[in-house]
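Below is one structure; the comments refer to it alone.
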Amino acid sequence: MDGDMTGKCILKADSKPLKIQKLLRQGSLSLHVADQLEALIINGSISVGEKLPTENGLCDAFGVSRTVIREAITHLKSLGLVETRRGVGTTVLRSTTVEAMPAERISPTTVEDILHVLELRLNLEPAAAALAAERHDDEDRRILEEKHAAFIAARAAKSQAREEDYGFHYAIVAATKNPFFQVFYEQLSQSVIPRAKLMSIEINTAATDKYLARVEKEHTYVLEAILARDPEAAREMMFQHLNRARTMYAKFQEA
């Protein structure tokens, strides 16, 4: 393994060099590791059937602990990208993620309603996240972290985490210090959360945890950007979060 002055490390997987960026950011390190490894798999730098570098090699390359690497590998497994076998290592299974869908099927009217709300949110919430990054105070920080932790706990309890999802997004609009953002969110209430529109017979309970794991990851990135007072990153992370949801729910129109 070699390094350069940019902080990038050259790590080899099955004799191929891989460029990996050492982690300098604080926050959920395992998610940042998982993102880089996911990108290497998707762009073909690590091919299907090849093994990931060893755990020790990944620890050295990223500059993180074994726990962080193991959490990152667990995330890649949840995406269906890799499998780990004792004595063999971690092998790439596919180059595209298996997206967990929150529902078996959704009525056309419900899909249309969900997409309309997401369209509205995409034009408002990225701006709200940017303002929250600029304007939040210590109390906002406490509430944002509390609401994020509540979502994580709800997911761990195997719930749909609808109320906790709404609470996290409401805490962001509250941190804008603009009362009209709050009025907008209060009027829509939990209906802004797409899962709140789904009937119990539509919900894919087997896929819910994987789906919410993706939501949790995206919430983490939004929160990190806001607390770092980085408005452009907060705007982009929120846009990606909502746009990914819009793209996924739009697939139900094609079914």
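The values are calculated or read from the model by the stated rules, or taken from the named source; none is laboratory data. This one's a predicted model, so the numbers in the text were calculated from it and none came from an experiment. Glycine gets a Cβ as well: all are built from the backbone with ideal geometry, and neighbour counts include every protein chain shown. Please note that ligands, DNA and RNA were not included when accessible areas were found on the heavy atoms of the full protein model with its side chains. Shrake-Rupley method; radii C 1.70, N 1.55, O 1.52, S 1.80 Å.
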Tell me the per residue accessible area of region 40-134 using a 1.4 Å probe; a whole number in Å² is fine.
49
Would you list the P(r) distribution for region 127-200, with all Cα-Cα distances sorted into 10 Å bins from 0 and each bin expressed as a whole %?
21, 47, 28, 4
Given H placed on each backbone N at 1.01 Å, which residues far from LEU18 in sequence or on other chains put an amide H within less than 5 Å of it?
LEU11, LYS12, ALA13
Once amide H atoms are built 1.01 Å from N in the peptide plane, which residues 5 or more positions from GLU50, or in another chain, come under 5 Å H to H?
VAL92
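Based on the mean of other Cβ atoms within 10 Å per residue, sort peptides 116-123, 128-135, 229-236 so the most packed one is first.
Numbers: 116-123: 15.8, 128-135: 22.5, 229-236: 17.8.
Answer by packing, highest mean first, reads 128-135, 229-236, 116-123.
Averaging the inverse of every distinct alpha carbon separation and then flipping it gives the Kirkwood radius. What is it for region 56-162, in angstrom units?
Working: mean 1/r = 0.0549 Å⁻¹.
The Cα-based Kirkwood calculation yields 18.2 Å.
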Which value in nm describes the separation of the simple spin-label points at GLU83 and SER159, placed 7 Å from the Cα toward the beta carbon?
3.5
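Around TYR185, under 10 Å between beta carbons, what's the net of Lys plus Arg minus Asp minus Glu among the other residues?
On the way: positive: ARG121; negative: GLU125, GLU186.
Charge balance in the 10 Å sphere: -1.
As a quick test, which of the pairs LYS197/LYS251; LYS217/LYS251; LYS51/LYS158; LYS177/LYS251; LYS158/LYS251; LYS147/LYS177 have an alpha carbon distance above 28 angstrom in this structure?
Values: LYS197/LYS251 16 Å; LYS217/LYS251 22 Å; LYS51/LYS158 32 Å; LYS177/LYS251 36 Å; LYS158/LYS251 25 Å; LYS147/LYS177 18 Å.
Beyond 28 Å between Cα atoms: LYS51/LYS158; LYS177/LYS251.
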